[in-house]
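Enquirer: Handing you a structure now.
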Amino acid sequence: MRLDYLSIFPGYFDVLGISLLGKAAVNGLVDVYAHDLRDWTHDRHRTVDDTPCGGGAGMVMKPDPWGEAFDEIIGTEPDPSVHVVFPSPSGEPFTQSVAHDLSSVERIVFCCGRYEGIDHRVIDYARSMWTVHEVSLGDYVLNGGEVAALAITEAVVRLVPGFMGNPQSLAEESFSAGQDGLLEYPLFTRPVSWRGLDVPEVLMSGHHGRIAKWRRDESIRLTRERRPDLTDSDVSARH
Ligand SMILES: COc1cc(COC(=O)c2cn[nH]c2)cc(-c2cccnc2)c1
């Protein structure tokens, strides 16, 4: 998998050389390239923004540098196998399902918006050439798409076959298909008693049936308490 990042702050992506992602890059699972959008400007100030047409506060990212960067980094021919990701507050929700879909693609290009956003024609052009995902991590606004791109990267790359040491742990975590869309149950390890707090007895019973039931009940309880949006009618009926 090749990952490209287009940003006016490419240094954000130096961190991808660390930890698990670093290991994936080393063993050839993932190739990472960060690009400075200003390399495709031609004026002395390396300008990437301008005032919004129609007025309004703030600045908008000019389309020209993006187009020239696309030409050099991706190419000038349409190719639906290239997935272009625009993290944006006005995007579609980024979910584990989207992460799973992206984990099997060969190439992802992350376009990190700054200022008030990117000239919309950049996204329209990208849609005419590649497979575009305009995705939101949540209902809040960051100063730019870089942090969102890092979060999306981690969610996607950890699902790439061969990346995680223990793929079974993927199957058991929250939002994975095996959990029926429920939140993960509370986890415990040794010591059994810690600062007056004990591990639930059932988990020390060795009774696998009771343990499985306790975990299921906890997942249902937590999901109902914290994420009523995840417990649609038949899910609650089923539980
Ligand atoms: C400051 O205004 C922004 C910020 C961002 C960064 O992403 C987020 O804030 C985010 C992502 N998930 N939740 C929040 C992106 C855009 C943007 C990008 C492309 C087209 N249009 C707008 C604009």
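The values are calculated or read from the model by the stated rules, or taken from the named source; none is laboratory data. Keep in mind that what you see is a predicted model, and the values were worked out from it rather than measured. Cβ: placed from backbone, ideal geometry, glycine included. Neighbour counts: every protein chain shown. Ligands, DNA and RNA are excluded from the accessible area calculation, which covers all protein heavy atoms including side chains. Shrake-Rupley method; radii C 1.70, N 1.55, O 1.52, S 1.80 Å.
Enquirer: Restricting attention to the range 104-133, and to residues there that are of a type in the set (S, T, Y) and in a helix (DSSP H, G or I), which single residue is nearest to the ligand (Cβ to nearest atom)?
Expert: Y125
Enquirer: Here is a follow-up. Of everything in the range 79-95, what is open to solvent by 80 Å² or more (accessible area, probe 1.4 Å) and hydroxyl-bearing (S, T, Y)? Give them in sequence order. Even if it seems obvious, please write down each step before you answer.
Expert: Here is the first cut: in the range 79-95, the residues open to solvent by 80 Å² or more (accessible area, probe 1.4 Å) are 80, 89-90, 92-93.
Listed by number, the list holds a single entry, S90.
Enquirer: Out of all the residues in the range 22-43, which are under 21 Å from the mean Cα position of the chain (by Cα), part of a loop (DSSP other than H, G, I, E, B) and modelled with pLDDT of 90 or more?
Expert: The one that is under 21 Å from the mean Cα position of the chain (by Cα), part of a loop (DSSP other than H, G, I, E, B) and modelled with pLDDT of 90 or more: V30.
Enquirer: Of all residues in the range 173-212, which are within 33 Å of the chain's Cα centre (by Cα), of a type in the set (G, A, S) and open to solvent by 50 Å² or more (accessible area, probe 1.4 Å)?
Expert: Correct list: A177, G178, A212.
Enquirer: With the requirement that a residue be farther than 15 Å from T95 by Cβ and either touching a helix residue (DSSP H, G or I) at 6+ places or on another chain (Cβ under 7 Å) or of a type in the set (G, A, S) (or both), what does the range 137-149 give you? Break it down into steps so the answer makes sense when it comes.
Expert: Start the filter on the range 137-149 by keeping residues that are farther than 15 Å from T95 by Cβ, which leaves 140-147, 149.
Within the range 137-149, L142, G144, G145, E146, A149 meet the criteria.
Enquirer: How many residues does the range 39-58 hold that are in contact (Cβ under 8 Å) with a residue 24 or more places away in the chain and open to solvent by 60 Å² or more (accessible area, probe 1.4 Å)?
Expert: Initial filter on the range 39-58 (in contact (Cβ under 8 Å) with a residue 24 or more places away in the chain): 39-41, 48-49, 52, 56-58.
Still in the list and also open to solvent by 60 Å² or more (accessible area, probe 1.4 Å): 39, 56-57.
Result for the range 39-58: 3.
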